[in-house]
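Reading through the structure tokens given below for one structure.
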Amino acid sequence: MDHDENREADVQIKEILDYYGGRGDRGAQETVVEMLRELQDVQGYLSPGVLAAAAETAGVKQSTMRAILKRFPSLKTAPYRHEIVVCLGKNCGGRNMGVLQELRRRLETGPDGISADGRVKVSTRSCLKSCRTAPNVVVDGKICSGLSAGEIVKMVGR
């Protein structure tokens with residue numbers, strides 16, 4: 001973002017915070033999630049500063065905000081472009097463990113699952129509910145079966 005885009009984003013963020021700060025139900029989970037989605041639309045993700053301001057506006061603790069972020073995976077705390085979710089359920093786990101380790105190695109993911117270049121997030125789920133096609137991975141919202149780590153990496157343009 002250039003300087004003018006940053007200024008415009010700051011104005012939009014302030015307007016959103018002002019609107020939600022004036023609501024009587026500002027601390028309700030549903031309202032907080034609405035506010036976070038609008039804030040995410042402005043910059044593509046929720047930066048630490050924006051999250052802190054949102055928590056203050058809603059009158060909730062940071063721990064409450066973290067719990068909401070965990071419950072709603074569509075809320076992003078990093079500006080990654082691609083998301084890979086590896087199933088570790090009963091039918092997929094054994095076959096996907098090597099794929100997960102190879103993805104983490106190739107993408108050089110940190111403890112947060114974000115790749116070294118910030119473009120990809122790798123996470124796991126206990127079951128993707130598509131057991132009959134195991135092993136499964138979701139790449140950018142699309143379920144894929146039986147892929148190698150190399151094939152997945154190619155899908156996200158690396």
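Numbers below:
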{"read-out": "Histogram of C-alpha separations across the range 90-158, 5 Å bin width, %", "value": "3, 17, 31, 27, 15, 6, 1"}
{"read-out": "Dipole magnitude of the range 1-59 about its Cα centre (Cβ charges: Lys, Arg +1; Asp, Glu -1), debye to nearest 20", "value": "260"}
{"read-out": "Quarter of the Cα convex hull surface for the chain, i.e. its orientation-mean projected area (nm²)", "value": "10.2"}
{"read-out": "Leading residue at positive end of dipole, the range 1-154 (Cβ point charges), from 120, 44, 138", "value": "138"}
{"read-out": "Stokes-Einstein translational diffusion, the range 57-124 - Kirkwood Rh over all Cα pairs, 0.692 mPa s, 37 °C, in µm²/s", "value": "245"}
{"read-out": "Antiparallel DSSP beta bridges within the range 1-150, percent to nearest 5", "value": "55"}
{"read-out": "Segment residue 45-residue 102, length gained on full extension (0.36 nm per residue, minus Cα span)", "value": "17.9 nm"}
{"read-out": "For the chain: accessible area per residue (Å², 1.4 Å)", "value": "58"}
{"read-out": "Label-point separation in nm, residue 127 to residue 69, each point 7 Å along Cα→Cβ", "value": "2.9"}
{"read-out": "Apportionment of accessible area to carbon and sulfur, the chain, percent (1.4 Å)", "value": "49"}
{"read-out": "Under Karplus coefficients 6.51, -1.76 and 1.60, residue-wise ³J(HN,Hα) of the range 107-112 in Hz, glycine/proline x", "value": "8, 6, 6, x, x, 7"}
{"read-out": "J(HN,Hα) series, the range 31-48, from Karplus relation 6.51 cos²θ - 1.76 cosθ + 1.60, nearest Hz, glycine and proline x", "value": "5, 4, 5, 4, 4, 4, 5, 5, 5, 5, 4, 5, 10, x, 6, 10, 6, x"}
{"read-out": "The chain: Lys pairs at Cα distance under 29 angstrom, eight or more positions apart or on different chains", "value": "27"}
{"read-out": "Ellipticity estimate at 222 nm from DSSP helix runs (n ≥ 4, -39,500 (n - 2.57)) divided over the chain, nearest 500", "value": "-15500 deg cm²/dmol"}
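The values are calculated or read from the model by the stated rules, or taken from the named source; none is laboratory data. What you are looking at is a predicted structure, and each value in this text was computed from that prediction instead of being measured. Positions of Cβ are generated from backbone atoms using ideal geometry, with glycine treated the same way; all protein chains shown enter the neighbour counts. What goes into the accessible areas is simple: the full protein's heavy atoms, side chains included, and nothing from ligands, DNA or RNA. Shrake-Rupley method; radii C 1.70, N 1.55, O 1.52, S 1.80 Å.
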